[in-house]
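Here's the structure we're looking at; comments come further down.
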Amino acid sequence: MKKQSFPSLGQMTAISLMSVVLILCSIITVPSIVPFTLQTFGVALAVGLLGIKSGLLSVVVYLLLGLIGLPVFAGMQGGVGVLLGPTGGYLIGFLPMVLLSGWLMKNKTKLWHRYLALVFGLLVDYAIGTLWYLFVYADSAGGIVPAITLCVLPYLLPDALKLLGAALMIQKLKPYVKVEQWTY
């Protein structure tokens, strides 16, 4: 594949469509301190199908749409307040999740490689989100153990299943998704 310095129309279309997938994944929400959504599934698909650069751009577009106030985040919310609120760290954590997962799964074709890459990326998202949660709630959060108990433990099994589903979809769809790499 020829490398180019700017995304082609096809790449921009794929980035936009993956941003829409992320929006759709955030609409289905079970309310909680940190809402249960399919966002991690969408982020995993973005990096697994589009690669690091295009996957990252699709997440950036999603976050920017929410930042300007469009109701694209969990519970049909949007705006700066969501990103600066207690769950904002998990949203911001999607960016390093894409970078790490994409780097770990680069040129890997086995399902378990892809799954582990997604798991390690999600662990980074958990770390950033939980630290952000502690920062926002400062003294009232009660420390790291209560924050992990509240913000991570209930999500481990659902997120493990979402990532497995995403890894399986990536495994099946990757041969059909041709996104050229670009240099910037």
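Things worth noting here:
- Selected residue (only one of P71, P86 is over 22 Å from M169 (Cα atoms), outside any helix (DSSP H, G or I) and in contact (Cβ under 8 Å) with a residue 40 or more places away in the chain): P86
- For L104, the requirement of being more than 16 Å from L56 (Cβ to Cβ) and not β-branched (V, I, T) is not met.
- Among the residues making up region 105-116, a single one is among the hydrophobic types (A, V, I, L, M, F, W, C) and within 14 Å of G55 (Cα to Cα): M105.
- Meets criteria (crowded, with 16+ Cβ neighbours inside 10 Å, more than 25 Å from M12 (Cβ to Cβ) and among the hydrophobic types (A, V, I, L, M, F, W, C)) for L163: yes
Each reported figure results from applying straightforward, stated rules to the coordinates on display, with no laboratory input. For clarity, every value in this text was computed on a predicted model and none was experimentally measured. With ideal geometry, Cβ positions are generated from the backbone for all residues, glycine too; neighbour counts draw on all protein chains shown.
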